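Notes to accompany the following structure.
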Amino acid sequence: MRSAARLAALAVVAIAALAGCVRLTSDTAVHADDTFSQEAIIATTPQAREQLASFADFDLANLKGAITSSAEYLKLAAAYPDQIGVEDYSEGDLTGVKITATNLPLDAFEGVFAQFTARLPFTAEATLIHTEDTYVVSIPTGRLGELLGKAGVSAGQLELLGSSVDVELRFSFPGLVTSATAGDIDGNSVTIDLADLASGDDITIVAGAAPQTNWKPWLMWGGIGLAALVIVGGATALVVQDVRRHRTSALPPPDARAGQAATGPGVLPTNAPPQVTEGDNPS
């Protein structure tokens, strides 16, 4: 029987050649009452299963049976019969399983997460604990980085692999994520991809245990709205000023005596008789 390291390394190399043929995703929501829910998908295409069959010590076509017959799953199913399940999954050419856990206590996390990673060369068992006012997730990743190195997978190949294979672990929390040694933080959640898992550095995520609102998007849109108001207000003021400027006449103001009879030296009164000068021949 091949060693586990060789088996995993060969599997990674095979996956690298199967762009778009593998989906390994997990979405874990941690709740404020010290419970968590998780939905994980493990799916491959017939081509991927055929190429990986010689490397695996289990039947990829019967992944559901392999998981539901494991000692870890049987133990969890017995303790939480209505809160954990495995069902068939399919989307296009991808077929596999969807593992669902609902409102399980934190001490069951390792068992559930192990179901997602037990057959995969990505991580060792992860942990999720509540300490003081934070939740802390720890994911050992050195295993995958070491195997990739032994398999001769370069950084460029890994980048290509990460963009073509759907591998993603997402964690969300009641409070804001305060720190994460890897992944993309977005308020109350953090997303880890294949490159993060292959970095060789263990991943630690710290988030608030008490419910918190991510005000960043609100502040961002509020700032955009304020800037828009300033721009619109400024443009309106310019238009008003321009209208007032065009309405202003450059001519002097009208004489206040306009409409009254003009008087003064050299101005005949309006009731004066016509003047006759010498040589005129009045008719």
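The values are calculated or read from the model by the stated rules, or taken from the named source; none is laboratory data. Please read these numbers as outputs of a predicted model, since none were measured by experiment. FYI the Cβ positions are ideal-geometry reconstructions off the backbone, even for glycines, and counts take in every protein chain you see.
Odds and ends about this structure:
- Count of residues meeting criterion [of a type outside the set (A, V, I, L, M, F, W, C) and at pLDDT 85 or above] in the range 45-71: 8
- Pairs where the first residue, in the range 10-33, is of a type in the set (D, E, K, R) and the second is modelled with pLDDT under 50 and surrounded by 20 or more Cβ atoms within 10 Å (Cβ to Cβ), C-beta under 6 Å, 6+ apart: none
- Scan of the range 32-49 for residues that are over 17 Å from Ser90 (Cβ atoms) and surrounded by fewer than 17 Cβ atoms within 10 Å (Cβ to Cβ), ordered by number: Ala32, Asp33, Asp34
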